[in-house]
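I have placed the structure first, in the form of structure tokens, so that the comments after it can refer back to it.
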Amino acid sequence: MLSKLQIGPRPYQPPSALLTLFQIFILLLLVQKENSLFLYRPPFDQDYLEMFLEPDAEIYRNFPISPTAWHVKETVEVLKLWGKSGEEHTITTEDGYILSLFRITPLKEKATPVLFLHGLLAAPETWLIRGKEDLAIILNEEGYDVWLGCYRGSNYGRRHVNLTTANEKFWDFSFHEHGLYDAPAMIDHIYRETNQGMAVIAHSMGNAVFMSMLALRPEYNNMVYVFVGMAPYAVARFQFSPLVHTLLPGLVPLLRNINTNTLKYADLYTRRKLNPLVVVCAIARWTCLTTLQFSQGVDFKEIDWTYVLVLAAYFPSGTSNKNIVHIISIGNAQFRQYDYGTTGNLARYKSRTPPVYNLTNVRIPVSLYYGDNDMGVLVSGMKAQVKALPNVIKSTVVKGYNHPDFLLDKNSRRLLYNPILEDLKTYVGTK
């Protein structure tokens, strides 16, 4: 029997996210012509970039990437660039993931620990790309005991007592597991090593990790003096930039349907010897700048391109598809656990929708800093976050800041880091 023909326009089908990204990329590359009004090639210091490469890396002056040897220094080696020494500690979470935890050698005994939690796809090195201008180095110089955390699935979290990265179960996590298992393992280890409580500082997704930890495991309030959240992505609202708005309709279904047991998909976010971000940002600088502006609100004139290239060399550092989906799903001020769909939610949570994280359990003093140009964490959405937390001691808008500025801005010491130092001096050691 013949099926009935449907007459009329076809229903709209969202484009594949990967196809759309490819199309945008090609379009941006095409506008890079000689004498183009859109052509903008900010300078960068190649000698500075080369400092972060291992001795066996190959550099060509007219093309600063070698496909055969592009090895960036890891955390302890980067610390040596700034005259610092460091230690790599190994910790095991309650569910068997083996993570690295880095310590900058403190300058005095009994220094108060400060744990840093990085953002999505970042790495401990992203706290260290500017040396004396970086908050982690500043706190070390100020006499604090600085620790840099890493999550499962990242470059420093790809081991497990039973699983390998080829196993689908290895990648079954989101920031929920970072908060439930990874961050507690870091705090427990630091406490065992120092016998002291600590401060915690986070950027971007690191805020969701820390807040979900205290929501789920409120006993850790007893081990933390104060929490400082930069670009605090938790109970947040983000504005879809043109790029994200174009990609999102196809992106979430794509990620949900990816078979994480297939290595090529599990490794989508893994650090590689030949980093495509560095290639694009070094060769097609306007393309890279435009992408950053579309996605992050970056101001072309307020960014040091050398730091962008170094930062790009360490991105992405690895995560799961599930984590990306979870991060996207909380971008409308809905700080909830992972959404498995109605059937999955009923089986797991006994409700049709995921439970909201109970932020009344975050009882420690909280100081939040966010930028008025940040597309990822809108100022308008911060009211809900401040209202949800019972002990916000400070909520500060940093004028002109976008999402990467918390790590890269040339005025960060004056605008951001000095106020954070005051937060630590006021609340550290209060337990």
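The values are calculated or read from the model by the stated rules, or taken from the named source; none is laboratory data. It should be emphasised that the depicted structure is a prediction, and the values quoted were computed from it without experimental measurement. Note that each Cβ is placed from the backbone with ideal geometry, even for glycine, and that neighbours are counted across all protein chains shown.
Of a type outside the set (F, W, Y), touching a residue at least 24 places away in the same chain (Cβ under 8 Å) and more than 23 Å from M198 (Cβ to Cβ) - does that describe any residue in the range 412-430?
no
Consider V362 carefully, then state whether it is within 20 Å of H118 (Cα to Cα) and in contact with a His (Cβ under 8 Å, 6 or more places away or on another chain).
For V362, the condition - within 20 Å of H118 (Cα to Cα) and in contact with a His (Cβ under 8 Å, 6 or more places away or on another chain) - is not met.
Looking at A215, A136, A208, A231 in this structure, which one is at positive phi and aliphatic (A, V, I, L, M)?
That would be A231, the only listed residue that is at positive phi and aliphatic (A, V, I, L, M).
Name the residue, out of V325, V377, V386, that is modelled with pLDDT under 95, outside any helix (DSSP H, G or I) and β-branched (V, I, T).
Checking each option against the conditions leaves just V377.
For the range 340-351, does any single residue satisfy the condition of being of a type in the set (S, T, N, Q), touching a helix residue (DSSP H, G or I) at 6+ places or on another chain (Cβ under 9 Å) and in contact (Cβ under 8 Å) with a residue 24 or more places away in the chain? Step through it out loud before you land on a result.
So the first thing to find is which residues in the range 340-351 are of a type in the set (S, T, N, Q), and the list is 342-343, 345, 351.
Checking which are touching a helix residue (DSSP H, G or I) at 6+ places or on another chain (Cβ under 9 Å) leaves us with 351.
Subset that is in contact (Cβ under 8 Å) with a residue 24 or more places away in the chain: none.
Within the range 340-351, not a single residue is of a type in the set (S, T, N, Q), touching a helix residue (DSSP H, G or I) at 6+ places or on another chain (Cβ under 9 Å) and in contact (Cβ under 8 Å) with a residue 24 or more places away in the chain.
Yes or no: A202 crowded, with 24+ Cβ neighbours inside 10 Å, modelled with pLDDT under 95, under 21 Å from the mean Cα position of the chain (by Cα) and of a type in the set (A, V, I, L, M, F, W, C)?
So A202 does not fit the description; no.
Among the candidates R348, R363, single out the residue that is modelled with pLDDT of 90 or more, outside any helix (DSSP H, G or I) and of a type in the set (K, R).
After ruling out the rest, the residue left standing is R363.
Being modelled with pLDDT under 95 and either more than 28 Å from Q334 (Cβ to Cβ) or in a loop (DSSP other than H, G, I, E, B) (or both) is the filter here, so list the residues in the range 390-412 that pass it. Walk me through how you get there before you give the answer.
So in the range 390-412, the residues modelled with pLDDT under 95 come out as 397-412.
Matches in the range 390-412: K399, G400, Y401, N402, H403, P404, L408, D409, K410, N411, S412.
Is it the case, given these coordinates, that V226 is of a type in the set (V, I, T) and at pLDDT 95 or above? Quick ask: steps written out before the conclusion?
On the way: of a type in the set (V, I, T): yes; at pLDDT 95 or above: yes.
Yes.
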